[in-house]
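Below: the structure, in structure tokens.
The values are calculated or read from the model by the stated rules, or taken from the named source; none is laboratory data. Everything quoted here is computed from the prediction, not taken from an experiment. A quick note on method: Cβ atoms are made from the backbone with ideal geometry, for glycine too, and the neighbour counts reach across all protein chains shown.
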């Protein structure tokens, strides 16, 4: 049986000759160092394996052993506040074992098996339990309760229950007997294959927005909880910055941050920043609700391909407990390139730009795992996906961007020209869109009143009009425009600089509550409406600008603290007063 | 047991195929002896049972199907390392060519390196004062960063690199623990000589390790040069606790060598014929910059690449920009107007800047000032394109002010002498002086407190 040996080696792809009993997508150990690999092709002549680690030094004749299971991740307490590589190996534990550089074949368990958790049992003997039902809970971090669920495909009668107390990861705390009379032991953890989505009862509509505190997103292009958004942008346009901001501030319970083929220094920044940052809602470090998956660009390419699936599987696990989870994937282009690289090694027929023809279906599979659902235990949970895309040459017509567009309903296009002018977030308001308006506008109406949607529509109309006028200005200068059009340009400038642009390093401006966002729009539109009166009287616009109101509104994001909404009333009064003065 | 394999099965470009080989390991180095007595080295790049594909570093000229004997060495490509390596000149594969004899290794290391565990990295926050206004103020270089220079043929990237090496003041670095690793890939002899001469003139030559793969040296060797250089740099930084500045020029030649190798291997090409794994390959070089917990030393990289046809969307600068932490972009029209260094400010960026400047590092007003300079200069570009259509005379008064600001910015801030070393305070003050020519109400990226303090208009 165990005579499967390496025949050929080509980069991360190795072949085994002759018919084998390996299954497609089975996880295998390769060579004497037991490198982790996965079966990606089986014929009666050759079996093809992609190896998740460096293949230097492997020899033909080295053994290949199967594990009988597909690529799995271990799910249980200890995931949060941790950092893993693309195939769920804990990087902190690897550091303790190997030092600063990552060696191959590290045999470190994904989760800490020696730590004792304070478990509270939720079932008793004789209970009939089904898949997804919660049988015990434990405090994983100070803010997140970890809920242990019966594996989705299992159900039966509880025949043995341990008392509440301290247990380790692999301790059996519940035994159940299924309908065929087989006994199953439930511990504090379970396995799940990364490429299969975890089962749910049903999908729910995406009717609640994911609040991010970023004005251009919440107001102009909102995303729903359980939605999917793409952030495409060339290098230096602030994809990663935007992802960091969302990870820090969005109102999800759990954040899964996947650094897929990105920079090592960036990951160490995330680690530093998140452990120092205090979550305003819970007063605990951000890391208490965060899990990081770091597969930097110089780590093996095949593990980069897996990292996205590992991330989404962890996200689904917490969703099943009834949490709202947001997963940031930075960047999906690196993942697509990993697909291309491996496809090239397999000598598959390339489609567009060398990407394999199955790129769109893989992207669809990934983004379809987003959603707001009713879990097997009857709770509500959601997974929202925010995927960064790094288009080659900043050209949005390339295959990854185009295909991603088809499977996400939110598109936050980052713009080079805005980034060059250091307008951050550099989300271009002309090219971006959100298709969630219809789903979540009722929520806005209910929470903030109908004005919110109305203001947004007017702001967006002003920006559209400015864009049209700028075409003319670019050709003949702004002096020739009539005053009412100049007013549009001045107002749009306030919207752009004072509203859309947001300073991530300013203590108030980094996160802005919805109420302040709405008040800001209200004041800007108030000024616009009153200024129209002035222009209608044929008073020159220069006189209006000299009032200093436009400048004042541009800076109100800094001048008005987040917790002082009453200050907006003073602004409205001042506008009325000053404009009345020049009118009468 | 050493077996010589006689003859080869197939020769294709720089690749040879040998059959019947037993006990070979992936990426192993082989010695090839020709029957005229010369020897070459090669690396196993593909294995199919007993048939192996070997990449010959020195090229396959003069190799026939019968005139070679090949021997497996049993180890992957390694670089000899010792403290004596500082001050030496090596070839593109890390072997001494300065006539001073072999390097007696304290240690040998696989040139491919191993990835640094992200958990073990120290997030770089120490500012390097280069004495160049544009770089220090607007795209600050940080110790442990990788910040490439995007240039084009005929532009003054070499001078800029030399000036940075000469003037760089790294926090914590002294005479004894600062050194430069210089990797030349496919550059002309006189360019390499220019660097050597400049290092000598500024007295740093004894702290420099030079690796030279000149434009007429074997192309396949070129794919090893940056790896050897970075292995040396990592050794100096993390074994000997030195602060290492790595200059790699020209990354474009490196990528072209990689393309040539890939196509001779018959791989499926990606964009513009470059292999699909160009990103991963470049990343495996650039990611070897940084600092590690528990070690004093650091590796800072300044790769130089000439953008083909000055096109920043070409795959090489494009993929580089996605990996590196920012870029310094040079502009031909600035150089044409006689400005040095011709740094094009708007497309340049340093991603690590925000945490290495400000209070306690440079000065509290640094970041807002930089934001304002970027924003105002972006307005200059708008004003200029408008002036090109309607003429400068027709511009509004405010646009005219911007035109003047732009002119001043380029002649006084961007432009500076090759020997001029400006302190950071001097650069920041100059920035404020220029901004003060604009009306105060135009400065919307700075708060009133700072304006009260620095605005002199």
Do we find that residue A:263 is crowded, with 24+ Cβ neighbours inside 10 Å, under 20 Å from the mean Cα position of the chain (by Cα) and facing another protein chain (nearest Cβ under 8 Å) in this structure?
-> yes
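Only one residue in A:557, A:526, A:578, A:486 is within 14 Å of another protein chain (Cβ to nearest Cβ) and over 24 Å from residue A:210 (Cβ atoms), so which one is that?
A:486
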Might you let me know whether segment A:95-110 holds any residue that is away from chain B (no Cβ under 14 Å), under 30 Å from residue B:291 (Cβ atoms), free of Cβ contacts under 8 Å to residues at least 60 places away in the same chain and in contact with a strand residue (DSSP E or B) (Cβ under 7 Å, 6 or more places away or on another chain)?
-> yes
Residues being touching a strand residue (DSSP E or B) at 6+ places or on another chain (Cβ under 6 Å) and surrounded by fewer than 19 Cβ atoms within 10 Å (Cβ to Cβ): count how many of those fall in segment A:125-136.
-> 3
Name the residues in segment A:556-574 that are part of a loop (DSSP other than H, G, I, E, B) and surrounded by fewer than 16 Cβ atoms within 10 Å (Cβ to Cβ), would you?
-> A:561, A:563, A:564, A:565, A:566
Residues of segment B:430-451 that turn out to be surrounded by fewer than 17 Cβ atoms within 10 Å (Cβ to Cβ) and under 35 Å from the mean Cα position of the chain (by Cα), as a count = 1
Find the residue count for segment A:181-195, including only residues that are surrounded by 13 or more Cβ atoms within 10 Å (Cβ to Cβ) and either part of a loop (DSSP other than H, G, I, E, B) or free of Cβ contacts under 8 Å to residues at least 24 places away in the same chain (or both).
-> 5
Subset of segment A:491-525, residues buried (at least 21 other Cβ atoms within 10 Å of the Cβ), under 19 Å from residue A:548 (Cβ atoms) and over 26 Å from the mean Cα position of the chain (by Cα), comes to A:491, A:492, A:494, A:495, A:498, A:520, A:523, A:524
Filtered residue count, segment B:247-271, keeping only those that are more than 10 Å from chain A (Cβ to nearest Cβ) and out of contact with any strand residue (DSSP E or B) (no Cβ under 6 Å at 6 or more places or on another chain) | 8
If you go through segment B:365-410, how many residues are away from chain A (no Cβ under 12 Å) and free of Cβ contacts under 8 Å to residues at least 12 places away in the same chain?
-> 1
Quick one: is residue A:547 touching a helix residue (DSSP H, G or I) at 6+ places or on another chain (Cβ under 9 Å), more than 13 Å from residue A:487 (Cα to Cα), free of Cβ contacts under 8 Å to residues at least 60 places away in the same chain and within 14 Å of another protein chain (Cβ to nearest Cβ)?
-> yes
Filter segment B:6-39 down to residues that are buried (at least 21 other Cβ atoms within 10 Å of the Cβ) and assigned to a strand (DSSP E or B) and give me whichever is farthest from the chain's Cα centre (by Cα).
-> B:18
Test: residue in segment B:285-301 that is in a helix (DSSP H, G or I) and without any contact (Cβ under 8 Å) to a residue 12 or more places away in the chain = no
Given the conditions (1) within 14 Å of chain B (Cβ to nearest Cβ); (2) on the phi < 0 side of the Ramachandran plot, report the number of the one that residue A:222 does not fulfil.
-> (1)
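Taking into account only those residues within segment A:367-392 that are closer than 19 Å to residue B:320 by Cα and outside any helix (DSSP H, G or I), which is nearest to the other protein chains (Cβ to nearest Cβ)?
A:390
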Could you count how many residues in segment B:2-50 are on the phi > 0 side of the Ramachandran plot and either free of Cβ contacts under 8 Å to residues at least 60 places away in the same chain or within 14 Å of chain A (Cβ to nearest Cβ) (or both)?
-> 5
Scope segment A:418-457; condition within 14 Å of another protein chain (Cβ to nearest Cβ), over 21 Å from the mean Cα position of the chain (by Cα), in contact (Cβ under 8 Å) with a residue 24 or more places away in the chain and assigned to a loop (DSSP other than H, G, I, E, B); matching residues = A:423
Inspect segment A:81-88 for any residue being surrounded by 16 or more Cβ atoms within 10 Å (Cβ to Cβ), without any contact (Cβ under 8 Å) to a residue 12 or more places away in the chain, within 14 Å of chain B (Cβ to nearest Cβ) and part of a loop (DSSP other than H, G, I, E, B) and give the result as yes or no.
-> no
Specify the residue that is nearest to the other protein chains (Cβ to nearest Cβ); the eligible residues are those in segment A:337-366 that are surrounded by fewer than 17 Cβ atoms within 10 Å (Cβ to Cβ) and touching a helix residue (DSSP H, G or I) at 6+ places or on another chain (Cβ under 6 Å).
-> A:353
In segment A:393-414, how many are surrounded by fewer than 24 Cβ atoms within 10 Å (Cβ to Cβ) and part of a helix (DSSP H, G or I)?
-> 9
How many residues, within segment A:143-165, are outside any loop (DSSP other than H, G, I, E, B), in contact with a strand residue (DSSP E or B) (Cβ under 6 Å, 6 or more places away or on another chain) and surrounded by fewer than 20 Cβ atoms within 10 Å (Cβ to Cβ)?
-> 4
Selection within segment A:267-295 - facing chain B (nearest Cβ under 8 Å), crowded, with 24+ Cβ neighbours inside 10 Å and either modelled with pLDDT under 90 or assigned to a helix (DSSP H, G or I) (or both) = A:267, A:268
Breaking point among (1) closer than 30 Å to residue A:293 by Cβ; (2) part of a helix (DSSP H, G or I), for residue B:164 = (1)
At pLDDT 90 or above, within 21 Å of residue A:222 (Cα to Cα) and not in a helix (DSSP H, G or I) - does that describe any residue in segment A:520-537?
-> no
Go through segment B:351-364 residue by residue and tally those that are facing chain A (nearest Cβ under 9 Å) and surrounded by 22 or more Cβ atoms within 10 Å (Cβ to Cβ).
-> 2
Answer yes or no as to whether residue A:70 is touching a residue at least 24 places away in the same chain (Cβ under 8 Å), more than 23 Å from residue A:293 (Cβ to Cβ) and either within 14 Å of chain B (Cβ to nearest Cβ) or touching a strand residue (DSSP E or B) at 6+ places or on another chain (Cβ under 9 Å) (or both).
-> no
Of the residues in segment A:67-80, those that are crowded, with 20+ Cβ neighbours inside 10 Å and over 30 Å from residue A:285 (Cβ atoms) number 1
